[in-house]
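Okay, structure first, notes after.
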C-alpha cells in the first residue's frame, strides 16, 4: 500500500490520497494521470490493468485501487 | 435528410403523432421503422451499409457472450474435476486457461471491428490514401452518419467483450440502437448501457417532457437558421479566396468560425436531443458551455463530449494498457529514468489525437488539427510545474476573477486558432493566413462580406443571446424552468418560431441544409 501511495504522490503531489474518495468523480486525476498510474502499477506490482477496469469504482480512492490490484493479482 | 428542412419537420411531426397514438409496447418498433425511412432518404445503398454493420455487430456480440458463458462453465467443470482428482488447478493454470478463452472471444471482436472499421476506412479514406501515392480518385459517395453509427456500434461490441453490457439478443431492438434516426446525422455517440434504458421503454404522454423537448428543438432551429446560416455567408466569402482576405480578415474568420460552428453543431445537437426527449428518450449531452473552459484539457471535456469519451474509453485507455505499451514503458523508464516514464504517455496521447483528427476527415488539415490539440495538451502538462511555481509567487492571482477570465479568453483564442485548420482546408495555406495576422494584410470591409448591417446586428444579437443563455442555464436549463409556467413556455416558443421565420436564412446559393458535420 505504501508503494502505491508513493506512486500516487509522484503523479499528483498536492493531493491527500489517504483522505480523497472521489479522485475520478471530482476530476482530481486526469486521464493522462490514470494511464501514468497504470504504467507504474505494471512496473512496480507486475499487475497489468486491463482497460475494462479503468472505471471510477476502481480509481476513486487509494483503497479502491489497492483492492483492484490485489484482485487482479489473484485472478 | 438533414434537420433544417420542411421534409424533416413533416417527417418528425408524423412520427411523433403516430408514436403517442399506437399501443406503447410497439413504440420502439415504430422508431425503428421511422429510422429506416429516414435513412432511406439518404439512399438505399446507405441502408445496405448500415445493415451490414448492424447485423455483423449483433451477431458477433451474441457470439462473444455465448462463448463467455460456455467457457466459464467449462472452466468450472475442469476445476471440479481436477479438485476431485486431488490435483487442483494452480493459479497459473487458471490464469492461462482464462487468457486462452479470452483470446478466442477477442478474435470474434477483432473480426467484427476489422470488418466495420474497414468499411468506414474504405468509404471515407480511399480517396485520401490514394492521393498520398499520387493516384487521383474522387472517393466513394458519402454514407450518411457512417462515422457515428460505426463508432456507436463498435462501442457496444467492445462493451460486450468487456462484459460491461449484456448482448442484445433481439436483432430488431439492436437495429434500432444502431439506426436511431436523431443521432444519425451528427451524434451524440451513445453507449448502449445508457440509451437502452429509455430507448425500448413504454412512453406515455407527458406535457413537461414533451414541452422541454419541443423548446429545445425550436432553440436548435433558431441557432441554426438565424445565427449559423447567417455567419456562414461571410465565412464562405472570406475563405474561398483566401489571398484576398488576409491580416485582420483571418482574425475575423477565427472568431466567426467559432461562433458559426458552435451555433451549427450545438443547434443540431439541440434538435437531436430535443426530438429524442419529445419521444421520451434520454440522450447524453454533447456540449457543456465549452467556451468557458480554462484550459485545453477542460475544453475537450466540454466540446463534443461523447466523441471525447468514446476515444478515451475505446482508444486511449486500451492503447495505453496494452501489454506492448506497458512493456515499452518499462523499457523506457529503465533506460531513460524519469523522462523515459513519459515517453509512452506522449506516444499514446499523440496517437489518440492523430486518430481523432483522422476521424474528423480524410485530409491533412484534420490530421494537423488533431496533432496540434495533442501537442497543446502535452505542452500544458509539461509546463504545469512552471505554472505552479509562478502561482506560488503570486498566490492571489489564481483565485481572482480577472485571472479566470484571462484563462477563458486564452483558451477560447487558442482553440479557435487551431480550429481554423477546418476552414481553410489546406495546411500550408492555413499557416500562411495565420501568419498574416501578425505581418498584416488586406483591410476588412464588413460591407462587402455578403451581409447587410442589419444582418451583422442580428448575428450579434444572436451571439449575445447564446451568451446570455449559457449563464441562464448554469443551475438549471432555462427550458426546464419555462415548462413549469406553461403560458411563458408557449409565449417563448411562439416568439422563437416567429423570429426563425422572420430572421432565418433560407439561402439562395447557399445550401443551408448542409450541417458541417453532415459529411460524417
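Taking a temperature of 10 °C and a viscosity of 1.306 mPa s, what whole-number D in µm²/s does Stokes-Einstein yield for region A:6-66 with Rh from Kirkwood over alpha carbon pairs?
D = 137 µm²/s.
Just to confirm my numbers, what's the Cα centroid distance between region B:314-331 and region B:134-192 in Å?
Measuring centre to centre over Cα atoms gives 26 Å.
For region B:425-502 and region B:7-23, write down the distance between their C-alpha centroids in whole Å.
30
What percent do you get for the relative contact order of chain B when only Cα pairs under 8 Å and 6+ apart count?
The value is 21 percent.
From the P(r) of region B:253-348, can you give the percent of Cα pairs sitting at distances over 17 Å?
Result: 66 percent of Cα pairs exceed 17 Å.
Sorting check: for B:39-46, B:243-250, B:384-391, which peptide has the highest mean count of neighbouring beta carbons within 10 Å, and how do the rest follow?
B:243-250, B:39-46, B:384-391
Quote the relative contact order of region B:354-500 in percent (integer), defining contacts as alpha-carbon pairs under 8 Å separated by 6+ residues. Intermediate results must be reported in sequence, preceding the final value.
Values: 51 pairs, mean separation 25.9, N = 147.
Relative contact order, region B:354-500: 18 percent.
What whole number of Å gives the distance from the Cα centroid of region B:249-272 to the Cα centroid of region B:51-96?
So the two Cα centres are separated by 50 Å.
Kirkwood Rh over Cα pairs of region B:169-220 into Stokes-Einstein at 20 °C, 1.002 mPa s: D in µm²/s?
Value of D from the Cα-based Kirkwood radius: 168 µm²/s.
Which angle from 0 to 90°, rounded to the nearest 10, does the C-alpha axis of helix A:31-45 make with the longest principal axis of chain A?
40
Let me make sure I get this right: for region B:175-325, a, b and c are the square roots of the gyration tensor eigenvalues over alpha carbons, sorted descending. Under 1.5 in a/c it's rounded, otherwise prolate if a/b > b/c, else oblate. Which is it? Please list the in-between numbers first.
Details: a/c = 2.50, a/b = 1.28, b/c = 1.96.
Oblate shape, in that a/c is at least 1.5 and b/c is the bigger or equal ratio.
What's the Kirkwood radius of the protein assembly as shown in Å, using all Cα pairs?
Numbers: mean 1/r = 0.0377 Å⁻¹.
Result for the protein assembly as shown, one decimal place: 26.6 Å.
For region B:293-419, compute the orientation-averaged projected area of the C-alpha convex hull (one quarter of its surface), in nm².
With the hull built on Cα positions only, its mean projection is 9.1 nm².
Could you tell me how many cubic angstrom of Cα convex hull volume chain B has per residue?
Normalising the Cα hull of chain B by residue number yields 208 Å³.
Taking a label point 7 Å from the Cα of residue B:52 along the Cα→Cβ vector, which residues of region B:121-150 have an amide N closer than 17 Å to it?
B:121-127, B:139-150
Mind checking B:314-320 for the average number of partner chain beta-carbons within 10 Å of each residue's beta-carbon?
On the way: counts 1, 1, 6, 11, 4, 2, 10.
Counting other chains' Cβ atoms within 10 Å and averaging over B:314-320 gives 5.
What ranking do B:263-275, B:161-173 get when scored by the average of other Cβ atoms within 10 Å per residue, highest first?
Listed from highest to lowest mean packing, they are B:263-275, B:161-173.
Binning every alpha carbon pair distance of region B:1-72 at 10 Å from zero, what are the percents per bin?
Per 10 Å bin, starting at 0, the Cα pair percentages come out as 17, 32, 29, 15, 6, 1.
Looking only at other chains, what is the average number of their beta-carbon atoms within 10 angstrom of each beta-carbon in A:21-34? Kindly include the intermediate steps, with their values, before the conclusion.
Details: counts 0, 0, 0, 0, 0, 0, 3, 0, 0, 5, 14, 11, 2, 5.
Per residue, the average neighbour count from other chains is 3.
If packing is taken as the average count of other Cβ atoms within 10 Å, what order do B:180-189, B:369-378, B:89-98, B:289-298 fall into, highest mean first? Don't skip to the answer; put the middle values down first.
Numbers: B:180-189: 25.2, B:369-378: 19.8, B:89-98: 13.0, B:289-298: 18.2.
Per-residue Cβ counts within 10 Å, averaged per peptide and sorted highest first, yield B:180-189, B:369-378, B:289-298, B:89-98.
Test of understanding: ordering B:58, B:303 by Cβ neighbours within 10 Å, fewest first, what list do you get?
Placing the least packed residue first, the sequence is B:303, B:58.
If you take each beta carbon of peptide B:345-352 and count the beta carbons of other chains within 10 angstrom, what is the mean?
Per-residue shielding by partner chains comes out at 2.
Per 10 Å bin, what is the whole-percent P(r) computed from every C-alpha pair distance within region B:27-202?
Going from the shortest bin to the longest, the percentages are 9, 31, 27, 17, 10, 5, 1.
Based on alpha-carbon positions alone, could you give the equivalent ellipsoid semi-axes of region B:416-461 from the gyration tensor, as √(5λ), descending, whole Å?
Its equivalent ellipsoid spans semi-axes of 25, 14, 9 Å.
Show that you can apply the helix-only estimate: for chain B, add -39,500 (n - 2.57) for every DSSP H stretch of four or more residues, divide by all residues, and state [θ] at 222 nm to the nearest 500.
Rounded to the nearest 500, it is -24000 deg cm²/dmol.
Computed from the coordinates by the stated procedures, all read-outs in this text should not be read as laboratory data. Predicted, not measured: the structure shown is a model, and the values here were computed from it. Backbone-built Cβ (ideal geometry, glycine too); neighbour counts: all protein chains shown.
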